[in-house]
Number of protein chains: 2
Amino acid sequence: MTVTEAKEKLNELELREFAYNHAMGILYYDGTTGAPKASSIPRGKTMGVLAGEAYKISTDKEAVSLLGFLREHADELDADTLRRVELREKGLKELNAVPLETYIEYTELMNEADAVWHEAKEKSDYPMFEPVLKKVIDFTKLFAEKVAPEKSPYDYCLDKYEEGLTMAKCDDFFAKLKERIVPLVKRVQEAEQPDDACAKVFFPIEKQREFSDILMERIGIPRDRCAIGETEHPFTTDFSRNDVRITTHYHEDAFLSSMYSVIHEGGHALYELGGDERFSYTGLSGGVTMGIHESQSRFFENIIGRSREFIGLIYPDAVRLCPELGKYSVEQLYRAANKAEPSLIRTEADELTYALHIMVRYDMERQMINGSVNMKELPEMWNALYKEYLGVTVPDDKRGILQDSHWAGAGIGYFPSYALGSAYGAQYLAKIRESLDFEKTVASGDLKPIRDWLGDRIWKYASSKKPEWILNNAMEAPFDPKYYLDYLEGKMKDVYGF
Amino acid sequence: MTVTEAKEKLNELELREFAYNHAMGILYYDGTTGAPKASSIPRGKTMGVLAGEAYKISTDKEAVSLLGFLREHADELDADTLRRVELREKGLKELNAVPLETYIEYTELMNEADAVWHEAKEKSDYPMFEPVLKKVIDFTKLFAEKVAPEKSPYDYCLDKYEEGLTMAKCDDFFAKLKERIVPLVKRVQEAEQPDDACAKVFFPIEKQREFSDILMERIGIPRDRCAIGETEHPFTTDFSRNDVRITTHYHEDAFLSSMYSVIHEGGHALYELGGDERFSYTGLSGGVTMGIHESQSRFFENIIGRSREFIGLIYPDAVRLCPELGKYSVEQLYRAANKAEPSLIRTEADELTYALHIMVRYDMERQMINGSVNMKELPEMWNALYKEYLGVTVPDDKRGILQDSHWAGAGIGYFPSYALGSAYGAQYLAKIRESLDFEKTVASGDLKPIRDWLGDRIWKYASSKKPEWILNNAMEAPFDPKYYLDYLEGKMKDVYGF
């Protein structure tokens, strides 16, 4: 076999893997959008079969010997191929950690857990969710032990979503955040609160759907490559740069909820849609880590979407679709959209207190994975942490421990990337300001210069570079949370006038 | 290997096949509903891979030797297993007819053809569709030649959708239909036409969506196992008895169009949903032939849905959702829904002239497959036949040869099953009347006795019996189109009062 032949075989192999992931992704997406309830039974069967086949394809003798051959010829490989080899080696280690049957069981659990979580959340019934959460935790610990026995299990989880992230780094990061966010929250609570009546106007769902289309157009999403669906918990899923889906959830009396979901998920989508075509159907397609991903989504949601200029931009359409909003000014809407107030629901949290929601989850996960917890006491633990960090009383599990889908999807270790991503985004902004007038660009309605900046420095690389490389390429400096804290302080001063 | 072990292996094999079909089915359904346009590119890649894998699973040495073993032990097998063996043998003959590469090419063509047809129809651009239609015809001829060289190619096509159907039988059937339908159309055209202003009221799409839910409930569709989507051309697709999807297409100023699509597809869905649980994930799941399938859909659409009693039943909800309808009486709506008038679009054709639309397609297909046609002349041929059979002038290809999705899906030989199904349905009705008061049952709003009759005699058998067996089980007599013609005559007399 020549290196050229091996590279062709690698392309074939990764196309096959793409196909299985694509099929399973569509089955999952369909399961959360258009599918009837009882479909979870056949979907579980199919997911089990496909996951088993995909596992075999990735781990069989042929795939392993191909990888061995490429590793032997590492010095003849271009950078992209070498990165593919490295990612495959990492993935193989993960797949080989447990036997096929365990892997199939895990995939079937993922399907079941999602359905159970949906129902449990609807009924605010934690005991219903407890057994699957227990299984998720057990699986996570098992994977951690098998894949990275040298690490603390929760460090394994963190690294999965943000390569290189550790508890030590998180502790430092969150400590810095706490130091300035906590007093800032206090100042904000002592200040006069913006009137947010404009955020509570009745905005018919049918009209909000139209509004979503406008928002997607405003941030520059090519609709021939990206569709929007409706789910309980908004998410983004990508099948290729030619097919990305975002979802949202509408509330008639809280249109900002869906508006910021659409912009947030739209940021994820733009990242996926902006990958270089040459990475399609290979292991290098798609965003590199969740931290980088969240830095895009939260950049669009908060830094662009909650800016005075962006709100001014979408205001006329919002008023056209919901005339009652016309009673309020752009300034009132801007202040309402930036009102900071400790609250119960992470996805609806303001920019300032958001990190505190993440800290609750960070503490919970750490104990769930590293320690030994009594499953029955998790809701109490959750509620106590909300009291401590945010000063709020959790009235029920629906608005407490059951609010997020992440744990049902085994996404333990994911949450810290939201806070990190927010902080990365603020540092991008500081860098962007060096070459363009951010406010003026947003106000113009043509966000292309901003998309180009992100596209050239981040999006186009997809997974072909490590996150540190990408961050450095974007920021041209080491990551420093001070940009984020300065940004938050500036925002709060502007909104609250202190 | 014991017979018991072989049966277990058969279950495993058919579960794997189910999984691939399920995944490809969801990809297709998603492609026609929520997917963005450019998704056809990655979908084509994935379909190609999955179809190739599924082909291998069904045709590999292991599957072939298992089948051989079961055939050798045929006398030890129960009836269900024997039927599975027979169906597998038939399927294998089909799959082995062409090499894997041809099969993959064909699957990729199916994906491409659907997208091209959608665009060509939208633009009313037959030349855009011509090259893929040519490929579809070539593939169909190739399959016919390889699988059933002893038959005329179009007989092979007919048998594919209705086991045992031939051109000879179709000629006889259509001749009988022509003999009585043509003079009936003439009488109807000479009579005073019902005023169908009530069918043209403005009925907002949002309200029609609500109406669809009511219609599905009225005919007794369990919504936890069946969802509804929106597509250009309505269809039904089943993944298992726990997951069936129907689709419809809304027109603001022609609510009957979607109403009868929903009831028609609902009839297909009920058949799929009514299969015995034990056939799930085996080769015996799902409806047996298209003729039997259409006998369910058209029974619900026309015999139930266009009855005076059913229209009376849904009238109050229709008026609630579209108050303008209240200006018209149930009787006016009944007559409008049964107005017979030669027209352009098959799916919107009335019950009486419907068979004439089928005859056009039957003649076209026969020539396309058996003869050698000039592809460029197909629209002219279509238009000439519409003139001859229906007396109407086709204004453009969108409302002519491009109106149906069937040919883009290689469904050549499918159309006659619509007319046959309609005729089967009328004979069921005659039989049903022996044991219950049909009109009274429909008027009561509780269709369970009718569903039970169909379920016990037809639905529950899924594909475990041949269509002749099922027809005989239902009708307790040989099939005779006179029931259909009597039914049509009775209906027209009632509506037109002659």
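The 3J(HN,Hα) values that the Karplus relation (6.51, -1.76, 1.60; θ = phi - 60°) gives for the range A:453-468 are, in residue order, 4, 5, x, 6, 8, 10, 4, 4, 6, 6, 9, 6, 10, 6, x, 4 Hz. Gly and Pro appear as x.
Under a point-charge model restricted to the Cβ atoms of Lys and Arg (+1) and Asp and Glu (-1), what is the dipole moment magnitude of chain B relative to its Cα centre, in debye to the nearest 20? Intermediate results must be reported in sequence, preceding the final value.
On the way: 63 positive and 85 negative charges, 77 e Å.
Approximately 360 debye in magnitude.
Could you compute the net charge surrounding A:THR347? Neighbours are other residues with a C-beta less than 12 Å from the C-beta of A:THR347; K and R count +1, D and E count -1. All intermediate terms of the calculation are to be shown ahead of the outcome.
Details: positive: A:ARG298, A:ARG346, A:ARG399; negative: A:GLU232, A:GLU265, A:GLU301, A:GLU348, A:ASP350, A:ASP404.
So the environment of A:THR347 carries a net charge of -3.
If eta is 1.002 mPa s and T is 20 °C, what Stokes-Einstein diffusion coefficient results for the range B:333-434, Kirkwood Rh from Cα pairs, in µm²/s? Can you show the working numbers first?
Working: Rh = 14.8 Å.
In µm²/s, the coefficient is 144.
Taking Cα atoms only, the orientation of helix B:3-32 departs from the longest principal axis of chain B by about 50 degrees. Distances between copies at A:ASP276, taken between label points 7 Å from Cα along the C-beta direction, are 5.9 nm in increasing order. Listed by chain and number, the lysines whose alpha-carbon sits under 19 Å from that of B:LYS440, ignoring those within fewer than 8 places in the same chain, are B:LYS431, B:LYS448, B:LYS491.
Taking neighbour counts of Cβ atoms within 10 Å as a proxy for exposure, in what order, fewest first, do B:THR289, B:THR102 appear?
Lowest to highest Cβ neighbour count: B:THR102, B:THR289.
The mean count of C-beta atoms from other chains within 10 Å of the C-beta of residues in A:15-28, rounded to a whole number, is 6. Between rounded, prolate and oblate, where does the range B:73-190 land on the alpha carbon gyration tensor, with a ≥ b ≥ c its root eigenvalues, rounded for a/c under 1.5, else prolate if a/b exceeds b/c? Verdict is oblate for the range B:73-190.
Determine, for B:VAL288, B:VAL116, the number of other Cβ atoms within 10 Å of each Cβ, and report the residues in order from fewest to most.
So the residues, fewest neighbours to most, are B:VAL116, B:VAL288.
Taking the Cβ-Cβ separation of B:GLU150 and B:ASP486 as r and a Förster radius of 56 Å, what is the calculated FRET efficiency to the nearest 0.05? With a Förster radius of 56 Å, E is 0.90.
Give me log10 I(q)/I(0) at q = 0.05, 0.07, 0.08, 0.09 Å⁻¹ for the protein assembly as shown, Debye formula, one equal scatterer per alpha-carbon, no solvent. Reported log10 I(q)/I(0), two decimals: -0.35, -0.69, -0.89, -1.09.
Any of B:LYS186/B:LYS482; B:LYS93/B:LYS134; A:LYS93/A:LYS121; A:LYS151/A:LYS178; B:LYS121/B:LYS160; A:LYS207/B:LYS121 with alpha carbons more than 28 Å apart? Name them for me.
Over 28 Å apart, Cα to Cα: A:LYS93/A:LYS121; A:LYS207/B:LYS121.
Only four residue types carry charge here, +1 at the Cβ of Lys and Arg and -1 at the Cβ of Asp and Glu. Report the dipole size of the range A:237-370 about the Cα centre in Debye, rounded to the nearest 20. Don't skip to the end; give the middle numbers.
Values: 13 positive and 20 negative charges, 31 e Å.
The calculated dipole for the range A:237-370 is roughly 160 debye.
Indicate the gyration tensor shape class of chain B (rounded, prolate or oblate), computed on the Cα atoms with a ≥ b ≥ c the square roots of the eigenvalues: a/c under 1.5 is rounded; otherwise a/b larger than b/c is prolate and the rest oblate.
The shape class here is prolate.
Put a plus charge on the Cβ of each Lys and Arg, a minus charge on the Cβ of each Asp and Glu, and nothing anywhere else: the dipole of the range B:1-147 about its Cα centre is then about 360 debye. Once the Cα atoms are used to define both axes, helix B:378-390 deviates from the longest principal axis of chain B by about 40 degrees.
Give A:LYS56/B:LYS465; A:LYS56/B:LYS135; A:LYS45/B:LYS45; A:LYS460/B:LYS56; A:LYS61/B:LYS465 a once-over and call out the pairs whose C-alpha atoms are over 32 Å from each other.
Long pairs (Cα-Cα over 32 Å): A:LYS56/B:LYS465; A:LYS56/B:LYS135; A:LYS460/B:LYS56; A:LYS61/B:LYS465.
For the range B:256-360, compute Rg over Rh where Rg is the Cα radius of gyration and Rh is the Kirkwood radius from the inverse mean 1/r over Cα pairs.
Numbers: Rg = 16.3 Å, Rh = 15.4 Å.
Dividing the radius of gyration by the Kirkwood radius yields 1.06.
In chain B, a dipole from Cβ-located charges (positive for Lys and Arg, negative for Asp and Glu) runs towards its positive end, and of B:PRO342, B:SER405, B:VAL319 it is B:PRO342 whose Cα lies farthest in that direction.
Could you list B:GLU377, A:GLU252 so that the one with the fewest beta carbons within 10 Å of its beta carbon is first and the one with the most is last? It would help to have the intermediate numbers written out before the result.
On the way: B:GLU377 10, A:GLU252 13.
Listed from fewest to most nearby Cβ atoms, that is B:GLU377, A:GLU252.
Using a ≥ b ≥ c from the Cα gyration tensor of the range A:157-272 (square roots of the eigenvalues), is it rounded, prolate or oblate, where a/c under 1.5 gives rounded and otherwise the larger of a/b and b/c decides, a/b for prolate? Here the range A:157-272 falls in the oblate category.
What is the mean number of Cβ atoms from other protein chains located within 10 Å of the Cβ atom of each residue in peptide A:243-249, rounded to a whole number? Mean partner-chain Cβ count within 10 Å for A:243-249: 3. Here's the picture: charge each Lys and Arg Cβ at +1 and each Asp and Glu Cβ at -1 in the range A:1-74, and of A:HIS73, A:MET1, A:ALA51 the one pushed furthest to the positive end of that dipole is A:ALA51.
Rule-based calculations on the coordinates, nothing more; no lab input. From a predicted model like this one, the values you see are computed outputs, not experimental measurements. Cβ sites come from the backbone with ideal geometry, for glycine too, and all protein chains shown count toward neighbours.
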